[in-house]
Amino acid sequence: MKSKTGFSCPVRLLFGSLAVGLFLLSNAAQAIWYSNDRSLEVRGFIDNTTHVRTDSAEDGLSKMRNRVQVEFSKFTEPTGMFSEFSFHGILRASYDAAYDLDDDLWGDTSGGPVFLASEGGPALGLPGQVPWGAAASPFESAVVLPGTNPFVSGTSPYLNGFFLGTSPNDFMRLLNGEMFDTTGGLPGFGGIQLAYPTRPCDVDPRGCIAGYMDADSDNLRFPEFNDRYDWMRELYLDATIPFDGGSELNFRIGRQQVVWGRTDLFRVLDQVNPIDFSIQNIYEEFEDSRIPMGIFSAEYRAGVVGQFDDLNFQFIWKFEDFRPHTLGQGGEPYTILGAGDLFRALSTCWHYGCTVGNFAPNQTGGASLPPPIGLGAPTLGNGNSTGTLATTFPAHTIGIRGVDADRPDGAFEDPEIGLRVEGLYRGIGFSFNFLYFHQQLPSLHGGSEGPAAINPFLCDPALNPVCGALEQAAGESYLTEMQRPYLLAFDIHFPRVTMFGASADFYVESLKSSIRVELAHTSGEEFVNTLRPSLYSESDVVRWVIGIDRPTFIRFLNPNRSFLVSLQVFGQHLLDHELITTPGGKAGMPDWENNILTTLLIQGGYFNDRLTPTLLLAWDSKAHSMVVGPSVNWKFNNEWTATLGANLKFGTSKNDFDDCRACNQFPPFTDPAEGTPGAGTLPVGQSVNRLAGFAPLGAFRAGPIGMAQAESEIQFLLRYSF
Amino acid sequence: MKKLILTTAATCVVLAAGPVQPAEIAEEVIQQSFHPYTDWTPEFPGYTPGMTVNAQNADTFEAIMDEALFYFVKNGWVEVETAPTTEFPLSEKYIAATRQNGDVALTEAGTLTNYVAGRAFPAEPDPNDPDAGQKLVWNYQYGFNSGDSETIYPFWWTFRNVDTGKVERVIKFEWHFLNYKHRVEFEPIPEYEENPGQIFRGIYSLVKEPFDLANTQLLIHRYDDDTKRDDAWLYLGFQRRVRRLAAGQTTDAFLGTDLMIEDFEGYNGRVTDYSWEYGGSRNLLLPFYNHNEMALSDQPADDPTGYRFVDVHGKGNCFPAVTYQLRKTHTLIGTPKDPNHPIGRRVINLDAETMTMASLITYDRKGDMWKWFPIGKTHSDNHIPENQGKGVALDDFAVLLDIQANHCTTLQFKSIITDEDNQPNLFNVQQLRKRGR
């Protein structure tokens, strides 16, 4: 379907039909429509957004969204105690043709067979890559754990057995694709490699997480038409009760956006609405990427109070059921941090079993145990571990089970509320903010607080007497499910978070700049922590931003019109950060203890701002990754506008981090081999050789910019407004 | 002890005399300032009201056209229809307040002392007075062209290509102006008591159309202390948030129009940002007319009161289709103190009777003529019923014509002198959020 040399015929057809449709609309539609009494106004737009990736294995269309949006406002006469009563709404529908036109990348024919790294294989004369679902044959030679039921290979699924009949080596893609880097902290012990199914959940249910990441083909193509009625983007009532002296009480009730921040691209205080990152990672305007929520907002606008030129008190209550950020599902073009891909890979692991590249050391303490126990592992030679091998796991061992049953959902039982005081004092705008909400990014509770998992080194004694010896060595029975410290088995949680913050803006004459500052402290946020048996821990976090907006003349570019130069520096500090360094890499919390993100926007205007060139840069100082977004917008007239731009990523972004694969979760089978650093009988989780890799936790250090290194794009928008 | 006795005695004298009364302006000065046409009509050799000034006779009448208008007429861009000079009497309340301004004076910083309301310096400008320019600009700054408060709606800003006449864009606004201080018409007089920031004037605007700019709002606070920088905020609909404007953004094209925020009403900034010089007085043809007597546009077609805008004509449809009067003006030349200011100087022609800006020519930093900004004026008695008796020389039409870019933005609108919506709670940052969508 995909054409490497240019747009395929269907693409041209779609472009053509869209152009015809827009032309017809332009002749049929009027400017903003008003009712005769002007109490009702309707406006909107129809547009096409096309993104093309040009420099990656997934080059081709990443977006061809055709969207229509209708906005309306209905004003009524003042009634009763109300001085204002109005009703507002935004309805939106879109169709992303990329899922049909490039269905081999994103749609129902996407994905294929995958081969996973087995870096320790060649040292033993074995292959360096093995296929998904590899068997313990001389040709594949993956580590196939006994729990995958190797003794009945070739038959139908057996208990937790990995069965290619239900999880075939097809419709898959490697996590982090071409960004995968096998150079771990120790030679031969490269990063683990995961694979995830790519097709929509109605085509391939593997790895889909019910109620969280379970979009079918139509959900992807028509994202607003889901069970949350996102086509009804905003719908709220505004009512105002005036008081003597000019103060007033305003209510805004319904699905809406509540904007608390003063920043672009990244958010500090602006945490009320979750974000849909699946639209375009972090690069969509917040106006479009915020997910409007059902919110009751009451504001007392006191006006002038004492020495304050303006004072305002706001209370908000989110009465719509909790929604986290939309991160993008495995197989979608935009999955921020690769999280959706990772989650789908891990969910597949839990429910179907999986083959993981570079997982088990090619020599372990367990493998050197005398027979019959040693028979449970492949014959890998003797001596020290020299590398890691692809490993096939049974179901219910590692992975993501699903969203925790205690997922917040009740507006009354589990309310999210906020308070804000905002005002103006001697020309300085300020706010104090409080928000009691749920973390909108998922937290993975694993190991000792994760789902109860089986021991994959055990097998059914009824099938093979060796299995009995394995049970004896482990001290537990086959299929015993229990929470196992440090095990990479997770449930998804959205913990409670409390945020206190403040902001200010003011003008500094000497700098000829307006300054924006925000500061927020949160408690309750959870982060991955491979040093904890549950693989996560809480940390208080301080975030801040300083923004400087300065109109600046660049006279050789435009002698009569200044350019807006907007610089933002974001900082984040984890107050309870934990990190250690091992020979195999860093372990603990992959998030940086301190990080600085810098953004720079330069925007000019020519021909009465009908031509607007913009240059956006963002730099992640710790990840050493950068995005450059040049664009140029041309307004043909009031109705037609076009934007051509690019989103180019640069930088290293290769950040390795411990993945706890060497955390010795199943002693004695996972004890390090003799002669290996850290060998000997070690407590669970206390392996000296924490092994690091890019996937999955290096992603947290690479950040949203670094993780999108392979997503450089050319972007085009054509819009007709009415 | 002796000093104490003297001080006490002085205090007793003051108390016995009661509050100090401000010195009054001589009535002759008042009459000359506010009613120059009572016994006098401007004249110019060969000029007869009712005649048409065009390319053929432009050279003859060069002296009664500002430099830009002469250029346009001479080059056939527009023909000027003329009409007799008429009086534009300002509100008696404003004139009455002016009578109390005998003690108004300039400080060393160029600001005012002892000023309450009315025209600060009603006396005829003296060419030998080094402060004449500074006094004139204060007369403009505290002028009465918007009354104490004004609403402008509908308000259409149309981008036009001068060469082709093509309409590129139309931005539709509503605008509101409120004087917090120095008020004479609407209560409270002379000022709002609850004004901790000592705001002099608030300006608020909301974009209604087109879609890409809809819900954009601008708020400006100008402080009574002219040395204090204006505060300005912009609510951007596509960002759903308020951004504080840096001062430099007031000297940039506003929303892509040919106007900068600093151009609003002729000059919209701090007096102390410029050095002001009096450039003499002369009689000029100015677009002063009676709105209801003009051949009007057919827009806005849907105005419920049937109000119609002043029409456009001439090259690129960049000129008002109105009659011009020969009127006495004072020329005010402003030079920005900021060396990085995009403008080299402003030449403002103040209408002597109303002290409103009748025309403005801006020159770029090289000294070349850059933009022409005449504001068409109608008297409030010749406008919509709500404006009857308000005593205001109403802004009724304007165009910002960029001579170098051959581009113009015409401003067609309906001014309403009213305090109905223009209360302080409309002019605060929360209002931007409240009305923001």
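Considering only residues in the range A:626-650 that are more than 17 Å from A:Q280 (Cβ to Cβ) and more than 14 Å from every other protein chain (Cβ to nearest Cβ), the one that is modelled with the lowest pLDDT turns out to be A:F650. Assess whether A:P451 counts as being at pLDDT 95 or above and not in a strand (DSSP E or B). Answer is yes for this residue. Kindly indicate whether A:P461 is buried (at least 20 other Cβ atoms within 10 Å of the Cβ) and over 26 Å from the mean Cα position of the chain (by Cα). No, not satisfied.
For the range A:200-208, the criterion of a residue being modelled with pLDDT under 95, closer than 14 Å to A:R344 by Cα and surrounded by 23 or more Cβ atoms within 10 Å (Cβ to Cβ) is satisfied by no position. From the list A:S539, A:S513, the one residue that fits, being crowded, with 20+ Cβ neighbours inside 10 Å, away from chain B (no Cβ under 14 Å) and of a type in the set (S, T, N, Q), is A:S539. A:D309 fulfils the conditions (1) touching a Pro at 6+ places or on another chain (Cβ under 7 Å); (2) away from chain B (no Cβ under 14 Å) except for a single criterion, (2). Scanning the range B:200-209 turns up no residue that is at negative phi, in a loop (DSSP other than H, G, I, E, B) and within 12 Å of another protein chain (Cβ to nearest Cβ). Of everything in the range A:516-530 that is crowded, with 20+ Cβ neighbours inside 10 Å and of a type in the set (A, V, I, L, M), the residue that is farthest from A:S431 (Cα to Cα) is A:V528. Kindly check whether there is at least one residue in the range A:429-437 that is in a strand (DSSP E or B), among the aliphatic types (A, V, I, L, M), in contact (Cβ under 8 Å) with a residue 40 or more places away in the chain and surrounded by 16 or more Cβ atoms within 10 Å (Cβ to Cβ). Yes, the conditions are met somewhere in the range A:429-437.
Checking the stated criteria, A:V304 turns out not to satisfy the condition of being without any contact (Cβ under 8 Å) to a residue 60 or more places away in the chain, within 7 Å of another protein chain (Cβ to nearest Cβ) and part of a loop (DSSP other than H, G, I, E, B). Among the residues of this structure, B:V184 does not count as one that is in contact (Cβ under 8 Å) with a residue 40 or more places away in the chain and within 13 Å of chain A (Cβ to nearest Cβ).
If the condition is being modelled with pLDDT of 80 or more, outside any helix (DSSP H, G or I) and touching a helix residue (DSSP H, G or I) at 6+ places or on another chain (Cβ under 8 Å), then the range A:670-707 contributes A:P696, A:M707. Considering the range B:224-288, the qualifying strands (runs of 3 or more DSSP E), each wholly inside and each with 1 or more residues that are within 11 Å of another protein chain (Cβ to nearest Cβ), run over B:231-236, B:241-244.
Residues checked against (1) within 11 Å of another protein chain (Cβ to nearest Cβ); (2) charged (D, E, K, R); (3) part of a strand (DSSP E or B):
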{"site": "A:D227", "(1), (2), (3)": "no, yes, no"}
{"site": "A:D230", "(1), (2), (3)": "no, yes, no"}
{"site": "A:L235", "(1), (2), (3)": "no, no, yes"}
{"site": "A:R255", "(1), (2), (3)": "no, yes, yes"}
{"site": "A:F266", "(1), (2), (3)": "no, no, no"}
{"site": "A:G294", "(1), (2), (3)": "no, no, yes"}
{"site": "A:E299", "(1), (2), (3)": "yes, yes, yes"}
{"site": "A:E320", "(1), (2), (3)": "no, yes, no"}
{"site": "A:G331", "(1), (2), (3)": "no, no, no"}
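For the range A:28-54, the tally of residues that are more than 14 Å from chain B (Cβ to nearest Cβ) and in contact with a Lys or Arg (Cβ under 9 Å, 6 or more places away or on another chain) stands at 5. I'm trying to understand the selection: among the residues of the range A:576-602, which are of a type in the set (D, E, K, R) and crowded, with 16+ Cβ neighbours inside 10 Å? Within the range A:576-602, A:E578, A:K586, A:D591, A:E593 meet the criteria.
Those strands (runs of 3 or more DSSP E) of the range B:319-437 in which 1 or more residues are closer than 21 Å to B:N75 by Cβ and within 14 Å of another protein chain (Cβ to nearest Cβ) occupy B:357-364, B:369-379, B:393-402, B:407-417.
Residues considered: A:A587, A:A623. Of these, the only one that is in contact (Cβ under 8 Å) with a residue 40 or more places away in the chain, assigned to a strand (DSSP E or B) and more than 14 Å from every other protein chain (Cβ to nearest Cβ) is A:A587. Restricting attention to the range A:533-573, the residues that are among the charged types (D, E, K, R), at pLDDT 95 or above and either under 30 Å from B:G367 (Cβ atoms) or in contact with a Phe, Trp or Tyr (Cβ under 9 Å, 6 or more places away or on another chain) (or both) total 2.
The values are calculated or read from the model by the stated rules, or taken from the named source; none is laboratory data. Note that this is a predicted model, so its numbers are computed, not measured. We place every Cβ from the backbone using ideal geometry, glycine too, and count neighbours over all the protein chains shown.
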